[in-house]
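Remarks on the structure that follows.
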Amino acid sequence: QVQLVESGGGLVQPGDSLRLSCAASGRLFTRYAMGWFRQAPRKELEFVAFITWRGRGNYADTVKGRFTISRDNAKNMVYLQMNNLKPEDTAVYYCAALENGSGSTANEYDYWGQGTQVTVSS
């Protein structure tokens, strides 16, 4: 069992940066690859980024070059550094843990956090 708690969301202006954090509790954190997804109002859940237990990242084209996913296995933490934020990045962002799979599809994930709101507006 893995519990995930996101933090770091907020209201920012276009062009600003924000770092989301995801704290994982439970055993064997390195057993899991970790992902970030987001859901905007009236839209479906969307893949954002994924990181293997070794630290290799993969990104959606919409955030590539602006967002960076990282993890600290010693602290059971996953981060999403978001730079040059745009209004279309506005969404609830979810952290998720995956034991097996490619990482880009939501239904592959085993555990989910409750989400943190990110609003990008001038």
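The values are calculated or read from the model by the stated rules, or taken from the named source; none is laboratory data. Only a predicted model underlies this, so the values are computations on that prediction, with no experimental measurement involved. No Cβ is skipped: glycine too gets one built from the backbone with ideal geometry, and neighbour counts run over all protein chains shown. Calculation scope for accessible area: heavy atoms of the full protein, side chains included, ligands and nucleic acids excluded. Shrake-Rupley method; radii C 1.70, N 1.55, O 1.52, S 1.80 Å.
Brief remarks follow.
- Filtering segment 12-23 for residues that are at pLDDT 95 or above and at positive phi leaves a non-empty set.
- Some residue of segment 9-23 being open to solvent by 70 Å² or more (accessible area, probe 1.4 Å) and without any contact (Cβ under 8 Å) to a residue 40 or more places away in the chain: no
- Pairs with Cβ under 6 Å, 6+ apart, first in segment 45-63 and closer than 22 Å to T90 by Cα, second part of a loop (DSSP other than H, G, I, E, B): F47/A60; F47/S104; V48/A60; V48/V63; F50/G103
- For segment 7-122, no strands (runs of 3 or more DSSP E) sit wholly inside it while including 2 or more residues that are of a type in the set (K, R).
- Note on segment 31-46: residues that are at pLDDT below 95, open to solvent by 30 Å² or more (accessible area, probe 1.4 Å) and closer than 16 Å to W112 by Cα total 1.
- Residue list for segment 4-24, filter: among the small types (G, A, S) and over 14 Å from S70 (Cα atoms): S7, G8, G9, G10, G15, S17
- Selection count where residues are modelled with pLDDT of 95 or more and surrounded by fewer than 19 Cβ atoms within 10 Å (Cβ to Cβ), scope segment 80-110: 8
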